[in-house]
Each structure stands twice: as C-alpha cells, then as structure tokens.
Amino acid sequence: MKEIAIIDIEASGLHFDSYPIEVAVLVRGECKSWLIKPEPKWQYWCETAESLHGIKRSLLEEEGLPVLEVTQQLNDFLSESDTVLYSDAHRWDEDWIDTLYFAAKMERRFYIDSIYDLIDDDKKQAFDSQKALLAESGRFQHHRAADDVLMINEAFLHATKIL
C-alpha cells in the first residue's frame, strides 16, 4: 500500500452549529496544522469539547488564522496528487471542511474519504485498537489535529502491516 494523505479536524463541538477550530494534514510525510479564527457567525461553543482538545476560544481569537488564509494555505500545501485525504471520522471532517470553505468562499480542491475504506474488514479492529493504544501512550496530545493525524497514520501502518 502506498503512503496516504490524512486529515483531522478539531471542532467547537459535536453539534449542527459546530465549526472547525483546527485542521491538520499529513501529506508526503509532512504534517501541517492551522488554528482557525472563528467567523463572527460561529458562536456555538461546547465546554466538553474544549476539555478534550484543550483549545480555548480566546486562543483562536488571538492566534487563529482567518478562514480565507487557512483555505488558501491548505490548497497551496496540497499538490494535484493529493486530491484524496483520508479521515477516521470522514463525515464529521467533511462537514467541517465544507463549513470552512463555504465561509471563505473558496473552492475545495480535495476530497475526504474514510480511512476504513482502505482497511480490510479483518484489520479494522487492529486499527482501532492501535489508535487507542497510541492515544493512551503519552506520545501524542490526543484531540489535537496534528498529533491525531500522526496517530492515525501510525495506526494505519500498523494495521496494514507496513510498519
């Protein structure tokens, strides 16, 4: 199996009014992430989600990049060969990416697919188990997008026996 491109997004919560607050991609062995400054209309904030990812809304206001800048940098970072990014929660991540690109009035140049579509049925449990072990290992800051893409990648390589 060839190396795959991976995406992960942290959000303001798991609600229909939630929005992306951090996005990371792992492409060609390089990981890049962006904190996203909330748009004025983006008001929903879940304290439980904050307790998981540890990102305060005030941090996003101070250090986050505007949605247009994030989408431009993300599009620039991806080459034409990176048109499919894989996610372990592709329905959520695709919805949040659509929210981001809609707010920026930018065209998304990539697709998001489920990483589970690349894993044989008999190896999906190994992927989930390895990801859980990595999350508990202390090597990664779980629920931060950059660490999550690295964790997903390592679990994928382990489950598909590349590692």
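The values are calculated or read from the model by the stated rules, or taken from the named source; none is laboratory data. Please read all numbers here as calculations on a predicted model, not as lab measurements. Cβ coordinates were reconstructed from backbone atoms using ideal geometry, including for glycine residues, and neighbour counts include every protein chain displayed.
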Kindly indicate which of 32, 123, 37 is touching a Gly at 6+ places or on another chain (Cβ under 8 Å) and surrounded by 13 or more Cβ atoms within 10 Å (Cβ to Cβ). 37
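Pick from region 87-128 the residues that are hydroxyl-bearing (Ser, Thr, Tyr) and touching a Phe, Trp or Tyr at 6+ places or on another chain (Cβ under 8 Å): which of them is farthest from residue 39 (Cα to Cα)?
Of all residues in region 87-128, those hydroxyl-bearing (Ser, Thr, Tyr) come to 87, 99, 101, 111, 114, 116.
From what is left, the residues that are touching a Phe, Trp or Tyr at 6+ places or on another chain (Cβ under 8 Å) are 99, 114, 116.
Working: 99: 10, 114: 28, 116: 32 Å.
The qualifying residue farthest from residue 39 (Cα to Cα) is 116.
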Mind checking which residues of region 6-29 are surrounded by 20 or more Cβ atoms within 10 Å (Cβ to Cβ) and in a loop (DSSP other than H, G, I, E, B)? 12, 19
Name the residues in region 144-163 that are surrounded by fewer than 18 Cβ atoms within 10 Å (Cβ to Cβ) and in a loop (DSSP other than H, G, I, E, B), would you? 160, 161, 162, 163
Picked from region 113-126 (must be of a type outside the set (A, V, I, L, M) and farther than 19 Å from residue 9 by Cβ), the residue nearest to the chain's Cα centre (by Cα) is 124
Could you tell me whether region 31-48 includes any residue that is part of a strand (DSSP E or B), touching an Asp or Glu at 6+ places or on another chain (Cβ under 6 Å) and under 29 Å from residue 79 (Cα atoms)? yes
Across region 71-82, what is the total count of residues that are over 13 Å from the mean Cα position of the chain (by Cα) and within 19 Å of residue 37 (Cβ to Cβ)? 6
Checked against (1) over 21 Å from residue 144 (Cβ atoms); (2) touching a helix residue (DSSP H, G or I) at 6+ places or on another chain (Cβ under 8 Å); (3) among the charged types (D, E, K, R); (4) loosely packed, with under 13 Cβ neighbours inside 10 Å, residue 80 satisfies every condition except (2)
Among the listed residues 8, 82, identify the single one that is within 23 Å of residue 142 (Cα to Cα) and of a type in the set (D, E, K, R). 8
Any hit, region 60-74, residues being under 20 Å from residue 27 (Cβ atoms), in contact with a Pro (Cβ under 6 Å, 6 or more places away or on another chain) and surrounded by 17 or more Cβ atoms within 10 Å (Cβ to Cβ): no
Starting from residues that are part of a loop (DSSP other than H, G, I, E, B), charged (D, E, K, R) and under 19 Å from residue 31 (Cα atoms), keep the ones in region 77-107 and report whichever is modelled with the highest pLDDT. 88
Go over the candidates 63, 39, 69, 107 one by one and state the one that is over 20 Å from residue 149 (Cα atoms) and in contact (Cβ under 8 Å) with a residue 40 or more places away in the chain. 39
Specify the residue that is nearest to the chain's Cα centre (by Cα); the eligible residues are those in region 83-112 that are over 15 Å from residue 159 (Cβ atoms), crowded, with 16+ Cβ neighbours inside 10 Å and charged (D, E, K, R). 93
Output the number of the condition that residue 126 fails; it satisfies all remaining conditions of (1) assigned to a helix (DSSP H, G or I); (2) within 20 Å of residue 19 (Cα to Cα). (2)
